[in-house]
Structures are given as C-alpha cells and as structure tokens.
Amino acid sequence: MPKFYITDAIDYANGSPHLGHAYEKVVTDCIARAHRQAGFETYFLLGTDEHGVKVQRAAARAGLAPQAYVDAISAEFVEAWRVLRVEPDQFFRTTDPRHEPAVQAFFQRAYDAGDIYEHSYEGLYCQGCEAFYQEKDLVDGKCPIHLTALETVHEKNFFFRLSKYQQPLLDHIAAHPEFIQPDFRRNEVLNVIKGGLEDISISRASVTWGVPLPTSIPNSAGQTIYVWFEALLNYITAIGYPEESYRQWWCGDDGRSPNALHVIGKDISRFHCVIWPAMLMSAGVPVARSAIVHGFIYAKGVKLSKSLGNQIDPVATSARFGADALRWYLTREVAFGSDGDFTWERFIERYNVDLANDYGNLLSRSCSMLHKYRAGVVPSRWEPTKLEREIAALAADCARETRAGWLRLAPSDALAAAWKLVARANVYVEETKPWALAKDASPEAVARLDTVLATLLEVGRLATRWAWPAIPTKAEEAWAGLALAGSPGAAPGDGAGSDAWFAGQAPGAPLNAGVTLPPVTILFPRIDAEKLGA
C-alpha cells in the first residue's frame, strides 16, 4: 500500500482560529480522506506554532505565563478542528517535549556542516511575520504582508548560509518542478531565488520564549532559535526525527524518495520553498516532495480582518449551518491554489443548489419513492435499457474523473465530476417518471420501476462515497439511510466500498437487494436567506 504524508502549516498560537485557518485545514483534511479512500496509507499532520516574540508579548499582555497562554490557544484550535471534522493523525505542538531536543540536533548538524556562523546584524523586522525584510521587498516602506511599520533590530546572532544554496535550490526546482505547485507560484519563488539570496539570522538574543541553542555551540548562551527555523522542523520532529524512524513517512516506501506534501498559504511560500529546502539540504535530510501553495480567502474582494469587521468565524458558521455546509463551500467553490471569495449570498446559494436540491433532494426523493412503491425494500432485479447503460457509462467516467481530481489535489474539480452523475440522475427521474410506472400493474412496468429505483439508489451510493471527503457527517448519515454496510470512506473493495457501478455485480443483482431502508430523513434543509438575514 503506497504511503501518503500530508501536512498543514502549523498555526501561530497568538489568536483564535479564523476562516483562513479553516480553509487550509478543511481542504487538507479532504485530500487526506480522499487518499485513504483511494487506498493510500495516509498520515495527516497539523498543529500549533507556540514560540517566538509574538507569543511572548501576547502572553505578557494577557498577564499569563507563555506556556499557560499557548495551552489555551492550542485548545481553541483543537476544538475548532473537532467541530469542523478536521481529523489529523497527530496534532503536534512545538512545545511538545519531543520537539526541543530534535530541533537542537538538527541545528547542530547544520552547524557541523559549516552553514551556521555568528554575526552582528541590523535589519528591518516585522513582528507580525517574525521575519527580517530587505528594503527592496517593502511596500511603501512597510511589511508587504501586514502593511505595518517595521522595527530596526540590532543583535549579535547566529546566521544560516542561505546564499550557499542559491544554485542548489535552482537545480532542485529545475529537476523537480512538482516541488512547488501551482506553476505560477513556482515562478514567483524562482524570481525570489534568482534575485539573490542573503544569509539569514536564525537566532534571537531578545526572545526568551523559544528553543535554546545547543550548549555545544560556542557563545550560544542566552540565544534562542529563530521561531521560523525552529517551527518548520515540526514536519520531521513530529514523526520521529532525529531517529531514522521519521523516514517511514518522510521518505515513503523505499525510505529514500521524498514523500512529504506541504499545504501552505502564499504568504509563507518563501519560508517553505526557499529556506526550508535549504535547511534540509544542509542537515542531510531529503527535500520534501511538494509544497502546494494556496491563496487567501477574501470577503467580496477585501481581505478578512478584525479591524474591518468582516471576519467569518468558522465555528459559529458550523454551529449555524452545519460543518459540512462550510466544508462543501470551501472545497467546491474555491479553486485550490487561487484566491477565493466568501459571501453569505454565494454560500447559501451553493448550499441550496448543490446540497439541498441536487444531492439531498435526489436521495430523499429516491428513498421516499422506494418506501411508497416498494415498502422500503430494495429491489432484487436491475434490467437495464439503453438509458441505464448510458448512466452506468457516465458513472464510470465520473469515478475516474473524481479520483483523478482528488489525487491531483483539485477538490473542486473532483466534486464537480461527482455532481455530473447527480445532475444526470435528477434528469433521469423526470425521464422515467416512476410515479407513472407505479400506477401500472403490468409485469413490464413493475420490472421497469424496480430498475429505475435500483438505478437511483446506486447513484446515491456512488455520489455519497465520492462526496464523503468533503461532507463526511452527512455522507455517513446518507450511507446509513441507504442501509449500506461499512463506511463511505472505506478503501476500495468489494460491495459498498467500490467505486464501480453496482460494485461490479452482474445486472439482476443490485446491492442490498431485499434490505429494508430506514425512514427517510432530510439531510440538507433549504436555507431561507431572507428569514436568516444572512
């Protein structure tokens, strides 16, 4: 079974989870679920970044010790992801006792490689980014991300020879273009590298809340490791580094080939696509397989911010409409890699059209007709005409397209492919008119109605299975409503866990034949936007 290791950027523990955090985590969770469903042995890592000057200052303002402060913030993130059904294999905190010695071991290896040296430095520092900037990178003299004034910081720190890795990075990206996706993000990073890399400060003398430098390094007393240099290491310290066991996920099946896939925001691509691979090269660790760079979520084209009062609380939204509604919008509406937009109008429209009408109504309508015309018992025969054979062929195409969409990390495309079958089935209901067939007691009409009902139930099974990565809670409810065995998230296999039409069974033997379905439930009640005032 092939291994698949996927990570999110760990969130900085200085504020509550917002929609931007939720977008990245939900999409990554969907991708991890889809890979498990496709048969990959999958490991999904996320967590919180808990050191650095921002945390130190925020804790002081709150009148708390830093550890107590990050404990509370981290708990908020854990709860938010529970509500949104983001289910990592590990939630890793950089205050985890495993992290500090592993970071120090990595630092020592880079030092022993001759890539770390002591140097006095004065530069422009953004507290929000916890990063130094060169004059050429500023926007109107301010931080290009936060658009805030920068501090002039003068310290004697330890530096990493990033400049040494300019050509190795260019060579690596040329040999492995998949390392940075999508293409236009790769070009942005290449322009940064070709513009010239300077050595970077990787320790701080003024920050006490952090990982101390190894005591074996001369003049290291009183210095902590720069939070970005330290935090990036979570991707390997969480899975066992410096012990060789980390390779089982980092390097995949052969223990050598890059396997890790990082999902990150465009604002931190420089750290993940320039500094991080150079660090790995220095310490003799294989470079990650890919960094998938996504855009931001805006509100009607305006960046979400507390000061503008346009932030969207993902937990409150989930409490109001259900976690699956928000998960669906973030995965279906936004083309992964590009910027996205959130409006309540579009959110409700996407919910009502895709979930309430197309999918939810198809399922409830199909099951209701089964109860009305067959006492809820799944038919024992399926005798296809040209019409059903066309739908079966479409289902096979949709299965391939859906799987391909998930595996190439294009959730919106995957779900759009799945919904082709849903849309076709809704038309099929009008074409076959089961209510008219039910009025005809002839053997031909009875057999035809059995085939129509069985076809609709099979479409419901496949659509539910394909949508499960995005809407796991409602998909599992739908699965139970179809009286199917196991889970819609099961890896490929015989029976209900297959993506094949009727699970590859011969015509005349529908899945669940003779089983009585439970009472019908409404999965997605329509939202009346005017009544809600959304």
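The values are calculated or read from the model by the stated rules, or taken from the named source; none is laboratory data. Computed from a predicted model, the values in this text were never measured in an experiment. With ideal geometry, Cβ positions are generated from the backbone for all residues, glycine too; neighbour counts draw on all protein chains shown.
So for region 174-191 (the condition being within 30 Å of Ala65 (Cα to Cα) and in a loop (DSSP other than H, G, I, E, B)), does at least one residue qualify? Outline the logic, then answer.
Going through region 174-191, the residues within 30 Å of Ala65 (Cα to Cα) turn out to be none.
No: zero hits.
Look at region 90-103 and say how many of its residues are surrounded by fewer than 20 Cβ atoms within 10 Å (Cβ to Cβ), within 21 Å of Val285 (Cβ to Cβ) and either out of contact with any Leu (no Cβ under 7 Å at 6 or more places or on another chain) or not assigned by TED's automatic domain parsing to the domain that holds Asp8 (or both).
4
What about Ala68, is it free of Cβ contacts under 8 Å to residues at least 24 places away in the same chain and closer than 25 Å to Gly322 by Cβ? Reasoning before the result, please.
Working: free of Cβ contacts under 8 Å to residues at least 24 places away in the same chain: yes; closer than 25 Å to Gly322 by Cβ: no.
Answer is no for this residue.
Taking only region 466-490 into account, find how many residues are of a type outside the set (Asp, Glu), under 16 Å from Cys367 (Cβ atoms) and out of contact with any Phe, Trp or Tyr (no Cβ under 6 Å at 6 or more places or on another chain).
Final tally of qualifying residues: 8.
Every residue, every condition in (1) in contact with a strand residue (DSSP E or B) (Cβ under 9 Å, 6 or more places away or on another chain); (2) in a helix (DSSP H, G or I); (3) under 29 Å from Thr331 (Cβ atoms); (4) in contact (Cβ under 8 Å) with a residue 12 or more places away in the chain, yes or no:
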| position | (1), (2), (3), (4) |
| --- | --- |
| Ala414 | no, yes, yes, yes |
| Leu421 | no, yes, yes, yes |
| Tyr428 | no, yes, yes, yes |
| Trp435 | no, yes, no, yes |
| Asp440 | no, no, no, no |
| Glu444 | no, yes, no, no |
| Thr455 | no, yes, yes, yes |
| Glu458 | no, yes, yes, yes |
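Among the numbered conditions (1) over 36 Å from the mean Cα position of the chain (by Cα); (2) under 26 Å from Asp324 (Cα atoms), tell me where Ala418 comes up short.
So the condition that Ala418 fails would be (1).
So which residues in region 383-412 are touching a residue at least 40 places away in the same chain (Cβ under 8 Å), out of contact with any strand residue (DSSP E or B) (no Cβ under 7 Å at 6 or more places or on another chain) and either under 20 Å from Ile471 (Cβ atoms) or part of a helix (DSSP H, G or I) (or both), if there are any at all? Before the answer, list the steps.
To start, the set of residues in region 383-412 that are touching a residue at least 40 places away in the same chain (Cβ under 8 Å) comprises 383-385, 387-388, 391-392, 395-396, 398-399, 402-403, 406-407, 409-412.
With out of contact with any strand residue (DSSP E or B) (no Cβ under 7 Å at 6 or more places or on another chain) added as a condition, the list becomes 383-385, 387-388, 391-392, 395-396, 398-399, 402-403, 406-407.
Passing the criteria: Leu387, Glu388, Ile391, Ala392, Ala395, Ala396, Cys398, Ala399, Thr402, Arg403, Trp406, Leu407.
Name every residue in region 28-59 that is part of a helix (DSSP H, G or I) and under 22 Å from Gly252 (Cβ atoms), in order of residue number.
Just the residues of region 28-59 that are part of a helix (DSSP H, G or I), to begin with: 28-37, 53-59.
Within region 28-59, Thr28, Asp29, Cys30, Ile31, Ala32, Arg33, Ala34, His35, Arg36, Gln37 meet the criteria.
Listed residues Ala404, Ala335, Ala375, Ala396; which is surrounded by fewer than 17 Cβ atoms within 10 Å (Cβ to Cβ) and in contact with a Ser or Thr (Cβ under 6 Å, 6 or more places away or on another chain)?
None of the others qualify; the one that does is Ala335.
Can you confirm whether region 360-369 contains a residue that is in contact with a Pro (Cβ under 8 Å, 6 or more places away or on another chain), over 30 Å from Trp81 (Cβ atoms) and in a helix (DSSP H, G or I)?
Yes, because at least one residue in region 360-369 is in contact with a Pro (Cβ under 8 Å, 6 or more places away or on another chain), over 30 Å from Trp81 (Cβ atoms) and in a helix (DSSP H, G or I).
Which members of region 202-259 meet the condition of being among the aliphatic types (A, V, I, L, M) and over 23 Å from Phe179 (Cβ atoms)?
Taking region 202-259 and keeping what is among the aliphatic types (A, V, I, L, M), we get 202, 205, 207, 211, 213, 217, 221, 225, 227, 231-233, 236, 238-239.
Residues satisfying the conditions are Ala205, Val207, Val211, Leu213, Ile217, Ala221, Ile225, Val227.
Looking at Pro214, Pro242, which one is touching a helix residue (DSSP H, G or I) at 6+ places or on another chain (Cβ under 9 Å), surrounded by 18 or more Cβ atoms within 10 Å (Cβ to Cβ) and part of a loop (DSSP other than H, G, I, E, B)? Steps first, please.
Details: Pro214 fails: surrounded by 18 or more Cβ atoms within 10 Å (Cβ to Cβ).
Only one candidate passes the filter, namely Pro242.
For residues that are acidic (Asp, Glu) and surrounded by 14 or more Cβ atoms within 10 Å (Cβ to Cβ), tally how many sit in region 133-159.
First, pick out the residues of region 133-159 that are acidic (Asp, Glu): 135, 137, 140, 151, 155.
Now narrow it down to the ones that are surrounded by 14 or more Cβ atoms within 10 Å (Cβ to Cβ): 137, 155.
Residues in region 133-159 being acidic (Asp, Glu) and surrounded by 14 or more Cβ atoms within 10 Å (Cβ to Cβ): 2 in total.
Within region 113-128, is there a residue that is of a type outside the set (Phe, Trp, Tyr), at pLDDT 95 or above and surrounded by 18 or more Cβ atoms within 10 Å (Cβ to Cβ)?
Looking for residues that are of a type outside the set (Phe, Trp, Tyr), at pLDDT 95 or above and surrounded by 18 or more Cβ atoms within 10 Å (Cβ to Cβ), one finds at least one in region 113-128, hence yes.
Condition (residue is surrounded by fewer than 21 Cβ atoms within 10 Å (Cβ to Cβ), more than 25 Å from Arg93 (Cβ to Cβ) and either at pLDDT below 95 or assigned by TED's automatic domain parsing to the domain that holds Pro101 (or both)) applied to region 220-231: is it met by at least one residue?
Scanning region 220-231, I find at least one residue that is surrounded by fewer than 21 Cβ atoms within 10 Å (Cβ to Cβ), more than 25 Å from Arg93 (Cβ to Cβ) and either at pLDDT below 95 or assigned by TED's automatic domain parsing to the domain that holds Pro101 (or both), so the answer is yes.
Has region 247-270 got at least one residue that is farther than 24 Å from Ala410 by Cα and either crowded, with 19+ Cβ neighbours inside 10 Å or not assigned by TED's automatic domain parsing to the domain that holds Arg185 (or both)? Talk me through it step by step, then tell me what you get.
At the first step, the residues of region 247-270 found to be farther than 24 Å from Ala410 by Cα are 247-248, 253-256.
Now narrow it down to the ones that are either crowded, with 19+ Cβ neighbours inside 10 Å or not assigned by TED's automatic domain parsing to the domain that holds Arg185 (or both): 247.
Checked region 247-270: at least one residue is farther than 24 Å from Ala410 by Cα and either crowded, with 19+ Cβ neighbours inside 10 Å or not assigned by TED's automatic domain parsing to the domain that holds Arg185 (or both).
Does any residue of region 135-146 turn out to be assigned by TED's automatic domain parsing to the domain that holds Tyr117, β-branched (Val, Ile, Thr), outside any helix (DSSP H, G or I) and modelled with pLDDT of 80 or more?
Within region 135-146, none of the residues are assigned by TED's automatic domain parsing to the domain that holds Tyr117, β-branched (Val, Ile, Thr), outside any helix (DSSP H, G or I) and modelled with pLDDT of 80 or more.
Against the condition assigned by TED's automatic domain parsing to the domain that holds Arg185 and under 21 Å from the mean Cα position of the chain (by Cα), how does Ala283 come out, does it pass? Talk me through it step by step, then tell me what you get.
Values: assigned by TED's automatic domain parsing to the domain that holds Arg185: yes; under 21 Å from the mean Cα position of the chain (by Cα): no.
Answer is no for this residue.
For residues that are under 21 Å from Ser206 (Cβ atoms) and of a type in the set (S, T, N, Q), scanning just region 24-77, find the one that is surrounded by the most Cβ atoms within 10 Å (Cβ to Cβ).
Among them, the one singled out is Gln56.
Give the number of residues within region 149-173 that are in a strand (DSSP E or B) and at pLDDT below 95. Can you show your working first?
Initial filter on region 149-173 (in a strand (DSSP E or B)): 151-160.
The next check asks that each one be at pLDDT below 95; those that pass are 151-157.
Summing the residues that are in a strand (DSSP E or B) and at pLDDT below 95 in region 149-173 gives 7.
Is it true that some residue in region 468-483 is surrounded by fewer than 23 Cβ atoms within 10 Å (Cβ to Cβ), of a type outside the set (D, E, K, R), modelled with pLDDT under 95 and over 15 Å from Leu517 (Cβ atoms)?
no
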